[in-house]
């Protein structure tokens, strides 16, 4: 079942439950998927990697918006963003904890053969593929920097 089909099914459930917040978020996601499907060269089909990237982008956007609203004292808007973020995260794979990321980063550093902060680009290139969708890349970057220092 594709992400679009899962979202379509969830929209039906949200409509029946009269859950406007979830329904609104699902409609936004569906629209983003349809835009991505009709983009140049996609032929109306998204790969699972494309779906994951789209979800990660949307989750990151909501997270950053919530932080901005909180720092501006707009808790009401931040709460809306966090509700949308929760809906989006329900479609993402389970995220790794910081301890799991730290252990995986140390293992990745030995695999790549990195020894100093100069090798951070090499490690982050491999980390981008390994942690795609399962870890926040800001956390990964911080762990890599700490391990190489």
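The values are calculated or read from the model by the stated rules, or taken from the named source; none is laboratory data. Quick caveat: nothing in here was measured; it's all calculated off a predicted structure. Note: ideal-geometry Cβ built from the backbone for every residue, glycine included; neighbour counts use all protein chains shown.
Quick notes
- Taken together, 8, 61 contain a single residue that is surrounded by fewer than 17 Cβ atoms within 10 Å (Cβ to Cβ), without any contact (Cβ under 8 Å) to a residue 60 or more places away in the chain and under 20 Å from residue 131 (Cα atoms), which is 61.
- Total residues in segment 123-137, condition touching a helix residue (DSSP H, G or I) at 6+ places or on another chain (Cβ under 9 Å) and in a helix (DSSP H, G or I): 8
- Failed criterion for residue 53 (all others in (1) at pLDDT 85 or above; (2) within 12 Å of the chain's Cα centre (by Cα); (3) not in a helix (DSSP H, G or I) hold): (3)
- Taking the criterion of being surrounded by 14 or more Cβ atoms within 10 Å (Cβ to Cβ) and over 14 Å from residue 1 (Cα atoms), the residues of segment 32-51 that qualify are 32, 33, 36, 37, 50.
- Those residues of segment 99-116 which are touching a helix residue (DSSP H, G or I) at 6+ places or on another chain (Cβ under 8 Å), surrounded by 12 or more Cβ atoms within 10 Å (Cβ to Cβ) and in a helix (DSSP H, G or I), in sequence order: 101, 102, 104, 105, 106, 108, 109, 112
- Contact map, segment 122-142: residues that are at positive phi paired with residues that are outside any helix (DSSP H, G or I), Cβ distance under 8 Å, separation 6+ or inter-chain. Pairs shown: 133/92; 133/93.
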